[in-house]
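The values are calculated or read from the model by the stated rules, or taken from the named source; none is laboratory data. Just so we're clear, the structure is a prediction, and the values are computed from it rather than from any experiment. Positions of Cβ are generated from backbone atoms using ideal geometry, with glycine treated the same way; all protein chains shown enter the neighbour counts.
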């Protein structure tokens, strides 16, 4: 458990190996609440979250994304699972208007950091967009319960890590200038 917010943020890593262990419903609810309380431009909160614990749906999303990638000429290793067999995937969709991408980023990072308080790690997944390169958009939106007029943004998977968190990768230098 983390008590220092800065340590919590600085020690976050993308995890790609999860235990076969369900996340309790009350913890999932708290993770989603972290997203709902993220900032949004003009406080529009024009987002929607689809919380998926049904492994057959997660596996179908994986299959659809892999087929879409293949059709786009993107090769993946055999047995690739874009969600790393995580027990929880949350799909974020939004009304596409000014700053929806920024809103999505805030919500995803809030969830990723909030989950850590419960020992749950995450990985933000952009490959879900490839589902739409080979299937009917309405069919996928129905599968993921994306409301009409909303569009898929990103997904994030969650689970308890199988191993210790990886070390932080080196940070690039000369990324900050101060004007004082």
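The set of residues in segment 81-101 being at pLDDT below 95 and surrounded by fewer than 21 Cβ atoms within 10 Å (Cβ to Cβ) consists of 95, 96, 97, 98, 99, 101. So, of the residues in segment 118-133 that are in contact with a strand residue (DSSP E or B) (Cβ under 6 Å, 6 or more places away or on another chain) and modelled with pLDDT of 95 or more, which turns out to be surrounded by the fewest Cβ atoms within 10 Å (Cβ to Cβ)? Only one residue fits best here, namely 124. Looking across segment 13-31 at every residue that is touching a strand residue (DSSP E or B) at 6+ places or on another chain (Cβ under 8 Å) and within 17 Å of residue 109 (Cα to Cα), the one that is surrounded by the most Cβ atoms within 10 Å (Cβ to Cβ) is identified as 31.
Please work out if residue 114 is closer than 15 Å to residue 34 by Cα, free of Cβ contacts under 8 Å to residues at least 12 places away in the same chain and not in a strand (DSSP E or B). Walk me through it before giving the result.
Numbers: closer than 15 Å to residue 34 by Cα: yes; free of Cβ contacts under 8 Å to residues at least 12 places away in the same chain: no; not in a strand (DSSP E or B): yes.
Considered against the rule, which asks whether it is closer than 15 Å to residue 34 by Cα, free of Cβ contacts under 8 Å to residues at least 12 places away in the same chain and not in a strand (DSSP E or B), residue 114 comes out as no.
Looking at segment 55-68, is at least one residue in contact with a helix residue (DSSP H, G or I) (Cβ under 9 Å, 6 or more places away or on another chain), at pLDDT below 95, surrounded by 13 or more Cβ atoms within 10 Å (Cβ to Cβ) and at positive phi? No; the residues of segment 55-68 include none that is in contact with a helix residue (DSSP H, G or I) (Cβ under 9 Å, 6 or more places away or on another chain), at pLDDT below 95, surrounded by 13 or more Cβ atoms within 10 Å (Cβ to Cβ) and at positive phi. The sole residue among 115, 104, 155 that is surrounded by 16 or more Cβ atoms within 10 Å (Cβ to Cβ) and out of contact with any helix residue (DSSP H, G or I) (no Cβ under 8 Å at 6 or more places or on another chain) is 104.
Condition test on residue 132, is it assigned to a helix (DSSP H, G or I), farther than 18 Å from residue 39 by Cβ and touching a helix residue (DSSP H, G or I) at 6+ places or on another chain (Cβ under 7 Å)? Judged against the criteria, residue 132 is a match.
Any residue in segment 162-177 that is in contact (Cβ under 8 Å) with a residue 12 or more places away in the chain, surrounded by fewer than 21 Cβ atoms within 10 Å (Cβ to Cβ) and either assigned to a strand (DSSP E or B) or in contact with a helix residue (DSSP H, G or I) (Cβ under 7 Å, 6 or more places away or on another chain) (or both)? Explain how you work it out, then say what you get.
Our first condition is that a residue be in contact (Cβ under 8 Å) with a residue 12 or more places away in the chain; within segment 162-177, this holds for 162-163, 165-166, 168.
Keeping just the survivors that are surrounded by fewer than 21 Cβ atoms within 10 Å (Cβ to Cβ) gives 162-163, 165-166, 168.
This time we only want the ones that are either assigned to a strand (DSSP E or B) or in contact with a helix residue (DSSP H, G or I) (Cβ under 7 Å, 6 or more places away or on another chain) (or both), so: none.
No, because not a single residue in segment 162-177 is in contact (Cβ under 8 Å) with a residue 12 or more places away in the chain, surrounded by fewer than 21 Cβ atoms within 10 Å (Cβ to Cβ) and either assigned to a strand (DSSP E or B) or in contact with a helix residue (DSSP H, G or I) (Cβ under 7 Å, 6 or more places away or on another chain) (or both).
The residues of segment 56-93 that are closer than 30 Å to residue 45 by Cα and part of a loop (DSSP other than H, G, I, E, B), listed by number, are 82, 83, 84, 85, 86, 87. For segment 14-50, filtered to residues that are in contact with a helix residue (DSSP H, G or I) (Cβ under 9 Å, 6 or more places away or on another chain) and in a loop (DSSP other than H, G, I, E, B), the residue that is nearest to residue 102 (Cα to Cα) is 40.
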